[in-house]
Amino acid sequence: MKFGRYLAVLATVALACGCSSMGSGNALHPYWPKPPDPPRFIYESVIRSELDIIKDTRADNFRTQLTGFNPRADTAFLKPYDVAARGGRIVVSDSGGTLVHLFDIPNGALFRIGRSEKGKLIQPSGVTIDVKNRIYVADVRAKHVVVYNELGHYLHTLGSPEVFDKPADVAVSNSGDRVYVVDYGGVNNARHRVSMFNANGDQIGVFGEHGRGPGQFHLASHIAVGPDDNVYVLDAGNFRVQVFDRDGKFLRAWGKVGVDIGDLARPRGLAVDRDSNVYITDGTFGNFQIFSPEGRLLMWIGNTGLEDKPGEYALPAGIAIDDKDFIYVVDQLYNKIEVLRRLSEDDSNRIAHNLPLNHSIRGPSAPLTPNTATPPKVPKATAAAPAEPTVDAAPETAPSDTPAPATSPAAPDAAPATAKPDATTP
């Protein structure tokens, strides 16, 4: 399957789900925001199994008819955590399965990464793909980052237990010359920081320390690089985003703890788009919020759902944006990767006027502007978040899925006790 066809594959997935983006002049797939704001995103599809990306051949269909069984239809994930996508390749870390899934659309295949002795994974966490399609996986329990080629073959590792305490996520500069690894640290140590490596895998610097001041971190969980090579860190324990230049110089920080739209209540994933807008998933709101580079709320997408429906999330986690402006959102409880698409100006106007979308011509994505809709009601601070799936207990050195007890040491000048950071590692 050619790379140029991978957009069509995702559209085909939508048809396979029983509906199309447009029908009889009306949008059947959810889109956001709702009128009177112009639509900017539309639901495209969901990924749960190999068949959601790679369609059966006639021989596969014949075999299924004979046996009544199709192993490719089984749910691929045990506990998906993070996602990355580039050039038609979608990588999903699965901490429940101690591996990473590579949905390789250009080659029409699904690869499982991390089972071989070389490059074996123990507890995969954050993932990313660089400009050369190399795959990076942070392993919080092995305390290093594993690097694979575009087909999932082991290349080398970055760091060691002497460098990392809990490497939670990894990001790569746009040229591929620098690798950034955020260390989650822990409540009982001071290793809350970002380590920098060059393209050869040599450590070239560190920035950050434990605390609440500018450039300091408390349980930082995710990291991303923007189009200008600025580095964005989700400082989850401080309920904020911090921005640094490529050398680790502090630029700005924004965000605050709270339970209103625009606040950060249980941040669980981070991505940055081509316009440097910042996308943050939140387990309390059951959505992801989109902020300007300076932290102004632009819009929110999705809500907490008691049913597995498009745009409804029980426990959103990782989020990614690919080079074609598709957005991928992990839901750990519904065991899915939802795929949304940022609309072009033409598509937005067509939806607003109940016209069919033009799938043959797709212009540049429409700009994002602040949503004028009234924010929905969100859970109170005392409302219980959905329970996370249980996994085998990890050693003390691995982050837990359970928030730290109230007696655990907090960061200096910590946030009020009623607001606790989520255990954002798998």
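The values are calculated or read from the model by the stated rules, or taken from the named source; none is laboratory data. Fair warning: this is a prediction, and the values are worked out from it, not measured in the lab. Quick reminder, even Gly has a Cβ in these numbers, built from the backbone with ideal geometry, and neighbours come from all protein chains shown. With ligands, DNA and RNA removed, areas are computed over all heavy atoms of the protein, side chains included. Shrake-Rupley method; radii C 1.70, N 1.55, O 1.52, S 1.80 Å.
Just to be sure before I move on: is residue 105 open to solvent by less than 10 Å² (accessible area, probe 1.4 Å), over 17 Å from the mean Cα position of the chain (by Cα) and more than 14 Å from residue 148 (Cβ to Cβ) in the structure I sent?
Answer is yes for this residue.
Return yes when residue 319 is assigned to a strand (DSSP E or B) and closer than 26 Å to residue 257 by Cα and no when it is not.
Answer is yes for this residue.
Being open to solvent by 40 Å² or more (accessible area, probe 1.4 Å) and modelled with pLDDT of 90 or more is the filter here; which residues of the stretch 21-45 pass it?
31, 38
Identify the residue in the stretch 322-352 that is assigned to a strand (DSSP E or B) and of a type in the set (Lys, Arg) and, among all such residues, is nearest to residue 94 (Cα to Cα).
It comes out as 336.
If you scan the stretch 137-168, which residues turn out to be part of a strand (DSSP E or B) and either among the acidic types (Asp, Glu) or open to solvent by less than 10 Å² (accessible area, probe 1.4 Å) (or both)?
137, 138, 139, 145, 146, 147, 148, 158, 167, 168, listed by residue number.
Could you list, in sequence order, the residues of the stretch 272-287 that are closer than 15 Å to residue 304 by Cβ and part of a strand (DSSP E or B)?
Those that are closer than 15 Å to residue 304 by Cβ and part of a strand (DSSP E or B): 281, 282, 287.
Out of 248, 237, 269, which single residue is assigned to a strand (DSSP E or B) and closer than 30 Å to residue 177 by Cα?
Sole residue among the options that is assigned to a strand (DSSP E or B) and closer than 30 Å to residue 177 by Cα: 269.
Mind listing whichever residues of the stretch 207-230 are surrounded by 15 or more Cβ atoms within 10 Å (Cβ to Cβ) and outside any loop (DSSP other than H, G, I, E, B)?
207, 210, 216, 217, 222, 223, 224, 225
Restricting attention to the stretch 68-98, which residues are at pLDDT 85 or above, over 20 Å from residue 268 (Cα atoms) and open to solvent by less than 30 Å² (accessible area, probe 1.4 Å)?
Hits for the stretch 68-98 are 87, 88, 89.
For residue 297, state whether it is open to solvent by 10 Å² or more (accessible area, probe 1.4 Å), aliphatic (A, V, I, L, M) and over 27 Å from residue 100 (Cα atoms).
yes
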